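Okay, structure first, notes after.
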């Protein structure tokens with residue numbers, strides 16, 4: 001079953017949303033662009049954030065078929081915020097199931113932040129399905145990065161951190177993530193879930209703004225969010241807490257081993273990372289380069305989010321290089 005989604009890209013077929021049922025989840029994915037063109041799957045971050053339609057602007061939809069997947073419990077997938085059978089190996093299986101359902105032989109993978117980690121996990125486990133990978137703001141799913149987010153980085157946004165700590169009912173920095181996860185569990189009081197979700201967003205906003213001079217520690221003022229927006233935020237941060245509590249069922253060593261396996265199987269890897277990324281340290285791409293020496297690494301003067309101009313330019317160059325490589329591999333013909 002499919003339906004058109006709002007908004008029409010500048011070229012190519014209008015995007016259509018489809019669903020695939022697996023393990024009690026209805027996984028939503030949007031397909032846009034030329035039906036017989038080179039295929040690319042786009043993986044969102046979070047975990048739990050959901051796909052962003054603006055990502056379509058990175059592609060020429062007359063020559064590229066783009067698939068944007070809402071991972072389990074995120075975006076338009078349902079049950080929203082569902083944690084049952086929601087872990088990384090199931091997400092990897094979902095991508096393979098969607099690829100087969102669409103009749104795609106091989107596709108390229110583009111992922112940002114957590115989506116970059118998922119892209120490497122998928123490519124490492126199914127290299128025969130992958131033509132190339134582009135990573136933005138690589139998250140290595142390490143305990144160090146998670147601690148950095150909830151403990152070390154509180155100095156960048158002290159007021160927003162204190163608000164999140166109060167919402168989670170937790171005064172100990174080391175126990176903050178567990179406190180958030182507990183209060184976001186299904187069945188917990190809605191008022192507490194709402195308070196944690198809004199405070200987490202404010203802390204996240206303050207951290208993302210902290211790489212820009214003169215804006216460290218600032219966050220958006222509280223706003224009156226519609227109930228639908230609040231429910232979306234609760235689902236997002238419930239899933240994110242669930243994954244981070246388990247190091248995303250990966251961890252740095254395992255993820256880099258998967259990156260190495262993908263490279264050794266001949267999958268080209270491109271990575272773009274902001275030199276002032278306040279969430280994922282730039283040394284992550286140095287670790288990637290040691291594990292996968294042929295990876296093409298670009299460090300740019302920017303932060304973490306894809307809308308950062310320097311990151312966007314770097315991402316465009318990396319995508320073009322990946323697609324050119326895929327076309328060359330097929331002698332200039334369209335592979336799918």
Exercise. Can you find even one residue in the stretch 21-30 that is within 28 Å of residue 85 (Cβ to Cβ), out of contact with any helix residue (DSSP H, G or I) (no Cβ under 7 Å at 6 or more places or on another chain), modelled with pLDDT of 95 or more and not in a strand (DSSP E or B)?
Worked result: yes
If you go through 154, 99, 131, 147, the only one that is in contact with a helix residue (DSSP H, G or I) (Cβ under 8 Å, 6 or more places away or on another chain) and assigned to a strand (DSSP E or B) is 131
Selection from the stretch 66-96 of residues touching a strand residue (DSSP E or B) at 6+ places or on another chain (Cβ under 7 Å), assigned to a helix (DSSP H, G or I) and surrounded by fewer than 24 Cβ atoms within 10 Å (Cβ to Cβ) yields 94
Filtering the stretch 171-191 down to residues that are in a helix (DSSP H, G or I) and at pLDDT 95 or above yields 175, 176, 177, 178, 179, 180, 181, 182, 183, 190, 191
Would you mind stating whether residue 288 is part of a helix (DSSP H, G or I), closer than 21 Å to residue 38 by Cα and in contact with a strand residue (DSSP E or B) (Cβ under 9 Å, 6 or more places away or on another chain)? no
Practice problem: Could you tell me whether residue 121 is assigned to a helix (DSSP H, G or I) and either surrounded by fewer than 19 Cβ atoms within 10 Å (Cβ to Cβ) or touching a strand residue (DSSP E or B) at 6+ places or on another chain (Cβ under 9 Å) (or both)? | Solution: no
In the set 231, 194, 218, 201, the lone residue that is more than 22 Å from the chain's Cα centre (by Cα), modelled with pLDDT of 95 or more and not assigned by TED's automatic domain parsing to the domain that holds residue 304 is 194
Any residue that is assigned by TED's automatic domain parsing to the domain that holds residue 79, closer than 27 Å to residue 105 by Cα and not in a helix (DSSP H, G or I) - is there at least one of those in the stretch 299-313?
no
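If the requirement is being assigned by TED's automatic domain parsing to the domain that holds residue 27, within 15 Å of residue 265 (Cα to Cα) and more than 13 Å from the chain's Cα centre (by Cα), which of these qualifies: 80, 125?
Criteria check complete, one pass: 125.
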Picked from the stretch 53-65 (must be touching a residue at least 60 places away in the same chain (Cβ under 8 Å) and part of a loop (DSSP other than H, G, I, E, B)), the residue surrounded by the fewest Cβ atoms within 10 Å (Cβ to Cβ) is 63
When (1) assigned to a helix (DSSP H, G or I); (2) in contact (Cβ under 8 Å) with a residue 12 or more places away in the chain; (3) within 19 Å of the chain's Cα centre (by Cα) are applied to residue 254, the one that fails is (2)
Within the stretch 14-30, restricting to residues that are crowded, with 21+ Cβ neighbours inside 10 Å and in contact (Cβ under 8 Å) with a residue 60 or more places away in the chain, the one that is farthest from the chain's Cα centre (by Cα) is 25
(Q) Based on this model, can you work out whether residue 269 counts as buried (at least 23 other Cβ atoms within 10 Å of the Cβ), in the same structural domain as residue 325 (by TED's automatic domain parsing) and in contact with a helix residue (DSSP H, G or I) (Cβ under 8 Å, 6 or more places away or on another chain)? (A) yes
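For the stretch 155-170, enumerate the residues that are over 14 Å from residue 183 (Cβ atoms) and surrounded by fewer than 20 Cβ atoms within 10 Å (Cβ to Cβ).
Within the stretch 155-170, 155, 156, 158, 159, 162 qualify.
The values are calculated or read from the model by the stated rules, or taken from the named source; none is laboratory data. If you're wondering where the values come from, they're calculated on a predicted model, not measured in any experiment. Note that each Cβ is placed from the backbone with ideal geometry, even for glycine, and that neighbours are counted across all protein chains shown.
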